[in-house]
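S.K.: One structure coming up, written as structure tokens, with questions to follow.
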Amino acid sequence: MRSKPRPSPAVMADRDEVARLVDRGDFAFRAENFTTALEFYALALGRLDPHVDQEERGVILLKVARCHQACGDMQQAIECLDEAKIDLRSSRDGVQLGKLYALRATLLYELGRYTRSLRYADLAYKLLRGTGDNSAIAQLELTL
């Protein structure tokens, strides 16, 4: 059985830098400094290869969408989710896709699109139930 080739040191350094930028964005988000969080997430996205790092890119775009939601820009948040969905569609991690659907349900609810909101909330619930991701489930319960 052959092992996977190890990434080059340059690739590893870039991944470490992406992780640092995302951590800084997360810190700014928790401090409710959404503009700064968006800047860090944008820098992290700029360092990713969109063809190789699709899942990681999708997760960061989810964070960007949450920033836009917090700033009250629901339409921009939905556009980010559309982009993230493309990246996460091939993911084997149903939790991330469930989080995407949960956020989309909330955004649609806030925009008054209740029927579509319920449809996405149902999809999210099916993906998230039994995963232990209580924050996303709680968000869904508020939407439902």
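S.K.: Taking the conditions exactly as written (in contact with an Asp or Glu (Cβ under 8 Å, 6 or more places away or on another chain), modelled with pLDDT of 95 or more and crowded, with 19+ Cβ neighbours inside 10 Å), does residue 61 satisfy them or not? Break it down stepwise before answering.
M.R.: Numbers: in contact with an Asp or Glu (Cβ under 8 Å, 6 or more places away or on another chain): yes; modelled with pLDDT of 95 or more: yes; crowded, with 19+ Cβ neighbours inside 10 Å: yes.
In short, yes.
S.K.: Oh, and also: Criterion first (more than 12 Å from the chain's Cα centre (by Cα), in the same structural domain as residue 15 (by TED's automatic domain parsing) and closer than 20 Å to residue 20 by Cα) does residue 73 satisfy it? Walk me through how you get there before you give the answer.
M.R.: Values: more than 12 Å from the chain's Cα centre (by Cα): yes; in the same structural domain as residue 15 (by TED's automatic domain parsing): yes; closer than 20 Å to residue 20 by Cα: no.
Taking the combined requirement at face value, the residue does not satisfy it.
S.K.: While we're looking at this one, here's another question. What about residue 112, is it outside the structural domain of residue 18 (by TED's automatic domain parsing) and either buried (at least 21 other Cβ atoms within 10 Å of the Cβ) or on the phi > 0 side of the Ramachandran plot (or both)? It would help to see each step written out before you state the result.
M.R.: Values: outside the structural domain of residue 18 (by TED's automatic domain parsing): yes; either buried (at least 21 other Cβ atoms within 10 Å of the Cβ) or on the phi > 0 side of the Ramachandran plot (or both): yes.
Yes: the conditions hold for residue 112.
S.K.: Is it the case, given these coordinates, that residue 100 is in contact with a Gly (Cβ under 6 Å, 6 or more places away or on another chain) and either closer than 27 Å to residue 50 by Cα or surrounded by fewer than 21 Cβ atoms within 10 Å (Cβ to Cβ) (or both)? Spell out the reasoning first.
M.R.: Numbers: in contact with a Gly (Cβ under 6 Å, 6 or more places away or on another chain): no; either closer than 27 Å to residue 50 by Cα or surrounded by fewer than 21 Cβ atoms within 10 Å (Cβ to Cβ) (or both): yes.
Criteria not met by residue 100.
S.K.: Suppose the filter is closer than 25 Å to residue 142 by Cβ, modelled with pLDDT of 95 or more and of a type in the set (D, E, K, R); does residue 79 pass it?
M.R.: Numbers: closer than 25 Å to residue 142 by Cβ: yes; modelled with pLDDT of 95 or more: yes; of a type in the set (D, E, K, R): yes.
Judged against the criteria, residue 79 is a match.
S.K.: Okay, next question. Given the structure, is residue 45 under 16 Å from residue 29 (Cβ atoms) and in contact with a Cys (Cβ under 6 Å, 6 or more places away or on another chain)? Step through it out loud before you land on a result.
M.R.: Details: under 16 Å from residue 29 (Cβ atoms): yes; in contact with a Cys (Cβ under 6 Å, 6 or more places away or on another chain): no.
Answer is no for this residue.
S.K.: Being within 21 Å of residue 30 (Cβ to Cβ) and surrounded by fewer than 17 Cβ atoms within 10 Å (Cβ to Cβ) is the requirement here; does residue 135 meet it? I'd like the intermediate steps shown before the answer.
M.R.: Details: within 21 Å of residue 30 (Cβ to Cβ): yes; surrounded by fewer than 17 Cβ atoms within 10 Å (Cβ to Cβ): yes.
So residue 135 passes the test.
S.K.: Of the conditions (1) farther than 20 Å from residue 24 by Cβ; (2) modelled with pLDDT of 95 or more, residue 66 satisfies every one except a single condition; which number is it?
M.R.: (1)
S.K.: Further question: When the residues of the range 32-58 are filtered to those that are under 20 Å from residue 107 (Cα atoms) and in contact with a helix residue (DSSP H, G or I) (Cβ under 6 Å, 6 or more places away or on another chain), which remaining residue is surrounded by the most Cβ atoms within 10 Å (Cβ to Cβ)?
M.R.: Per the stated criteria, the residue is 37.
The values are calculated or read from the model by the stated rules, or taken from the named source; none is laboratory data. Computed from a predicted structure; not experimentally measured. Don't worry about glycine lacking a Cβ; one is built from the backbone with ideal geometry, like all the others, and counts go over all protein chains shown.
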